Each structure stands twice: as structure tokens, then as C-alpha cells.
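For reference, the structure is listed below as C-alpha cells.
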Amino acid sequence: MFSRLILILIILSLMTPLYSSADIPLGQVDRIRTLANEGDVEAQYQMGLSHLLATSGVKKDLDLAIRWFLIAAMEDHPGAEYQLGYIYYTGYGIQRDVYKAFNYYKSAADKDYAEAQNNIGVFYKDGIGTKKNTALAFINFKRAADKGYAKAQYNLAMLYYKGIYVNKNYNRAAYWFRLAADLGNPKAQAVLGKMYLHGDGVEKNLHQSVYWLRQARNKQEFQAIMQLRELGL
């Protein structure tokens, strides 16, 4: 049970989480709720977020949040589909179902929703709710990465770094790690720091190595912490 929880946490670190903010403008909650009840799909989605995250003075209510997301998802709202994918994967307020999570993520990803493309890439890579398909993992990571999505850039870089689906290519890996690192992704910063340390795909540069490792350490990234300790820093 414990090992399964650790695995879920590791996978979640590669995926996009629930949105952390969904504030409806002050005094607009009643109007948004009315619009939602009248069938406005964006308002339904906003009400779902508000009940999920307890924002805009709305009381946290997972049942209502899921209800609004389901209604919006029936109208093909990609954000609502994405939220349901995450909720079903984690079992947050509902019985965990990786197959439903996969289906909701895929539907949102097919609508070019970057967060869902990243997460469905993780599902394909690890065979969650579907058969493993590293080709489709690569395609979805690349689509989200091309939109400037840092977690997807990191996940894509790891395919090049480890030689999964594509030939191992440290130069391409370094390129995508650098883009994700510039956007503040701590995992990318840690790996990029190690690449500069060893000269993998980049010219060996201790100054750059320490810089990126420290950036990652500032975000409590474990590998960066351990690497800097080995360097005596």
C-alpha cells in the first residue's frame, strides 16, 4: 500500500495538478451561478472550480464541484474534462478510476489542452488506464512542450535523456531541460545542473552547474540538494 502511494506521488509530480486559483470577481458569484444554471458552460466550469478550491467566498463542496464539471464536460469543455481526469486519477472526493481519468484526459488533450496533453503523455508512458505507448507519449509531450508548458518540456527532455522511444540524445535533452528550467521547473533545473557538471549535451561548466542546482535546491528538489552536498556546497 505504501509503495503504491509513493508511485502515485511520483507520477503526480510529472503531471499538472488542479488549478490553484479560480477567483470569480467580487460580487459576481451570484451572476455566474445564474448563468451556470441557465446552461452557460464556462460559468458551469467556473462554479466547479470555485466549489473545488473554495474561492470567491464559495464554500468547498466536492460533490457540487464534480457535478458542475460533469455538466460542463457533457458540453465538451476541455478544462472541465481535465479537472475530472485529475479527480478520477487521484480519487479526490470520488472513487479512484484510472480508466475514466484516461478518457477525460484524452478528450481534453484532443482539444489541444496543454495540461491534459502532458498528463495523457504520462498515462501513455507508464500504461495508466491504457496500454503503454511511448510513441503517443512522445507526441503528446511534444504538443504541450511546443506550447511552452514546462512540465511537458521536462517530460519530453527525459525521453531524450533516457532514450525512451527516441534515440538517446543529450543535446536535445539539454535543449528541452533548459526551456523548462528557465520557466522554473525544479526537476529540469536539477538535471540541467548535473548535465553541466558532467558535460552531457552541454559544455562542462561548474559555474552553470552550481547555479542551476541552487535554483532547484531553493525549491527543495531532493536530487539537487544531494548533488550540492556531494560538491560540498
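Computed values, structure above
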item: Helices (runs of 4 or more DSSP H) fully within the stretch 153-233 counting 1 or more residues that are among the charged types (D, E, K, R) and surrounded by 13 or more Cβ atoms within 10 Å (Cβ to Cβ); result: 170-182, 186-198, 206-217
item: Selection from the stretch 73-129 of residues that are among the small types (Gly, Ala, Ser), buried (at least 24 other Cβ atoms within 10 Å of the Cβ) and more than 18 Å from residue 45 (Cβ to Cβ); result: 121
item: Close pairs (7 angstrom Cβ cut-off, 6 or more residues apart or separate chains): hydroxyl-bearing (Ser, Thr, Tyr) in the stretch 191-207, in a loop (DSSP other than H, G, I, E, B) anywhere; result: 196/202; 196/204; 196/205
item: Residue match in the stretch 119-128 (condition: closer than 23 Å to residue 50 by Cβ and either in a helix (DSSP H, G or I) or not small (Gly, Ala, Ser) (or both)); result: yes
item: Looking only at the stretch 36-70, and only at residues there that are under 21 Å from the mean Cα position of the chain (by Cα) and among the aromatic types (Phe, Trp, Tyr), the one that is farthest from residue 83 (Cα to Cα); result: 45
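Rule-based calculations on the coordinates, nothing more; no lab input. Bear in mind that the values here come from a model prediction, so they are computed numbers and not experimental data. Reconstructed Cβ throughout: ideal geometry from the backbone, glycine too, with neighbour counts over all protein chains shown.
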